[in-house]
Structure formats: structure tokens, C-alpha cells
1. Long-range amide H contacts for A22: which residues qualify at under 5 Å (H placed 1.01 Å from N, peptide plane, sequence gap of 5 or more or a different chain)?
2. Estimate the FRET efficiency between E79 and D24 by the formula 1/(1 + (r/R0)^6), using the beta-carbon distance for r and 35 Å for R0, to the nearest 0.05.
3. Tell me, in nm to one decimal, what length is gained between I38 and S68 on full extension, where the rule is 0.36 nm per residue of separation less the Cα-Cα distance?
Amino acid sequence: MSRPDRVIAPTSAGNRDVSMVARDGRVQVEEELTNDYIIRRTAVDFAIPLFTNVQLARRFVEALSRKSLADLQIKSWKEYR
């Protein structure tokens, strides 16, 4: 039996329906390992932020929730120096 994320992940990523991916990396069976690889590989291929540590993903979302859109402007690397 195929899980829906196996089909949805590459399609959604290609359509830019996904903003970030969080996977905890704990895989129990071979089918999950294949699905996990497909999801992680697709995130990397489409330059979608990938978190493999759940605690880090939670902290990132918490930090984002404390900012407004005006605070989250894109800057060049030179601006951080």
C-alpha cells in the first residue's frame, strides 16, 4: 500500500505548494525509508528548506511566529557583514 506523501511530495514541491519540510528521520520499515528518502531528496532538489531535527524545526517556527512580514525581508550576504 502506497502512502499519499510518496506521490504528493514531488508534485507539491514542483508546484511550490510546500514552504519547508520537517522530517524526524526515525524510520521503522523499508517502505518508510524509501518515502523518507523521496521526500528529503525532493526538498533538496527544489531548494525547499529541510529540517531533519524536530526540535530545531519547532524553534524555527516559533522564531518566525514572533516576527512580522516586514521584519522578514530578504538581504544579500554582504548586508550581514
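1. So A22 has HN proximity to F51.
2. Numbers: r = 34 Å, r/R0 = 0.96.
The formula returns an efficiency of 0.55 here.
3. Working: separation 30, 0.36 × 30 = 10.80 nm, distance 3.29 nm.
Using 0.36 nm per residue and subtracting the Cα-Cα distance, I get 7.5 nm.
Readers should treat all values here as calculations from the given coordinates under stated rules, not as data from a laboratory. What you are looking at is a predicted structure, and each value in this text was computed from that prediction instead of being measured. Positions of Cβ are backbone-derived with ideal geometry, glycine not excepted, and every protein chain shown enters the neighbour counts.
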